[in-house]
Amino acid sequence: MSDKRLTDKQLLGEQGIALIGLTVARLGFVWRPTSVHDAGIDGEIEIRDPSSGAMSGLLMKVQSKAVSAFDKDTETSFEYTVDKRDLEYWLEHNVPVILCVSRPAFQEVYWQPVRETNGLLRPRRFKFDKTKDRLDDSAAGKLIEYVRQGAPGARGFAQLKTERLLSNILPVRTLPERLYLAQTPFTSYKEVSEALKGTDLTIEYSLRNKQILTVRDLTDPRYAFLCDRGTVEEFPVEQWAQSIDPDAQRDFVRLLNQCLRQMLRVSKARIRHVEGTYYFPSNEKNTSYSFGYHAGKKATTREVVKALINKREKHVMGFRHSAIWAQFARYDGQWYLEITPTYRFTDPGGINQSRLHPDWLTGIKRLEKNGSIRGQLVMWEELLVGESDMFAQGYPFLGFARLLSFDIDRGVDDGAWAPHDEEHDESNHELVSQLFERL
């Protein structure tokens with residue numbers, strides 16, 4: 001019998017490399033094992049677009065470590081300690097390097113980058129999460145992003161996956177049926193506001209050249225003090241809504257904005273308007289409070305006014321109010337409302353804008369994640385679109401359909417380039433608290 005021997009350890013190593021190759025092929029990428037001069041690198045992965053077959057030129061080196069049993073193995077994690085010389089060698093590469101630890105008997109393989117994404121050096125002991133670090137279909141986006149970050153100037157590509165994009169655009173579903181135009185003695189919005197004081201009348205209007213345009217019926221005797229009733233003309237709304245005349249378009253947008261203000265003012269949230277921003281106002285007690293609504297079929301709440309407390313001094317520095325910027329636009333004959341979630345910061349009185357508003361707004365925008373912004377968007381959608389109470393009459397002159405959404409066949413793995421919002425909510429809240437405390 002020959003003296004040549006092939007050890008179980010060598011066979012295990014080959015099984016681990018084969019498992020990596022099979023898994024990489026299932027991802028649609030290319031696996032090239034190192035056939036000669038293996039000094040600590042067992043192969044390389046080249047990123048390929050599975051949908052088109054296009055090769056990207058984005059490469060990463062792979063070190064395979066196959067074991068029969070994991071160290072410090074639990075249901076959710078295990079550890080692996082690498083040789084110091086191996087780690088130093090991997091870190092000297094000018095392309096990204098990943099460590100793959102496998103347990104071939106159970107068809108398991110896991111991966112981690114040998115260098116932290118922030119550029120810091122890793123310790124020799126790697127701790128693997130059996131869910132997040134598994135080399136399977138869920139790893140594709142993370143691998144793409146990791147190798148792209150390691151190659152300055154390189155472009156990645158969107159993965160072939162179904163994804164729904166939610167826009168911040170609400171189609172206008174309801175417009176007033178008729179508009180009324182008449183001569184008026186007033187020349188400014190301030191004059192009209194003064195004339196309305198002491199009355200219980202509501203009028204949404206546009207004013208130009210001593211003419212008032214409104215959704216309210218100006219033949220009603222109650223509006224006689226605002227116009228010359230003998231000059232009242234009635235028009236179908238389409239005459240303004242579909243006009244190509246710039247002045248008529250501006251008049252109609254002013255009218256829509258006034259309708260929106262009134263619609264939100266009489267809503268259950270009693271939304272206020274200041275300088276283009278619509279926001280939840282302070283309550284009578286001037287305290288924090290939440291707004292309840294339905295996100296799909298699920299009832300939920302969101303804190304819409306928050307008292308900002310200085311933890312050291314224990315006093316109220318001001319209030320943060322959930323808000324939106326809103327703007328009407330017409331595309332292909334259809335009117336839409338674009339809404340952008342934001343915040344309004346007020347002083348301790350809860351009414352006037354705080355002098356620290358710009359700093360606080362910049363700080364919270366820097367810390368917010370996608371989930372938080374999407375949650376705000378859905379809340380405002382529900383407020384603007386939500387079905388009217390069966391015992392209350394809805395606002396008759398303006399209404400909206402649900403936010404436009406789009407299904408696409410390409411997408412990116414959010415978890416590959418941005419942390420999950422829920423993982424960082426707690427730390428973000430702490431950072432926001434510290435931000436307000438410092439200011």
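The values are calculated or read from the model by the stated rules, or taken from the named source; none is laboratory data. Source: prediction; values computed, not measured. All Cβ positions, even for glycine, are placed from backbone atoms using ideal geometry, and neighbour counts span all protein chains on display.
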Inset, instruction - Would you check if residue 80 is part of a strand (DSSP E or B) and closer than 20 Å to residue 23 by Cα? - result: no
Inset, instruction - Return yes when residue 45 is within 22 Å of residue 147 (Cα to Cα), in contact with a Ser or Thr (Cβ under 7 Å, 6 or more places away or on another chain) and surrounded by 19 or more Cβ atoms within 10 Å (Cβ to Cβ) and no when it is not. - result: no
Legend entry - residue 362 vs. criteria surrounded by fewer than 18 Cβ atoms within 10 Å (Cβ to Cβ), β-branched (Val, Ile, Thr), over 19 Å from residue 386 (Cβ atoms) and free of Cβ contacts under 8 Å to residues at least 12 places away in the same chain: yes
Inset, instruction - Run down 105, 25 and say which single residue is within 22 Å of residue 144 (Cβ to Cβ), assigned to a helix (DSSP H, G or I) and among the hydrophobic types (A, V, I, L, M, F, W, C). - result: 25
Legend entry - Evaluation of residue 246 against (1) farther than 22 Å from residue 325 by Cβ; (2) modelled with pLDDT of 95 or more; (3) out of contact with any Ser or Thr (no Cβ under 6 Å at 6 or more places or on another chain) (one fails), failing number: (2)
Inset, instruction - Any chance you could count how many residues in segment 288-311 are exposed (fewer than 11 other Cβ atoms within 10 Å of the Cβ) and within 21 Å of the chain's Cα centre (by Cα)? - result: 4
Legend entry - Enumerated strands (runs of 3 or more DSSP E) restricted to segment 171-270, each holding at least 1 residues that are of a type in the set (S, T, N, Q) and surrounded by 15 or more Cβ atoms within 10 Å (Cβ to Cβ): 178-183, 205-208, 211-214
Legend entry - residue 335, sole failed condition from (1) assigned to a strand (DSSP E or B); (2) free of Cβ contacts under 8 Å to residues at least 60 places away in the same chain: (2)
Inset, instruction - Return yes when residue 19 is at pLDDT below 90, crowded, with 19+ Cβ neighbours inside 10 Å and either more than 23 Å from residue 147 (Cα to Cα) or assigned by TED's automatic domain parsing to the domain that holds residue 128 (or both) and no when it is not. - result: no
Inset, instruction - Run residue 212 past the list (1) in the same structural domain as residue 305 (by TED's automatic domain parsing); (2) modelled with pLDDT of 95 or more; (3) not hydroxyl-bearing (Ser, Thr, Tyr) and report the number of the one that doesn't hold. - result: (1)
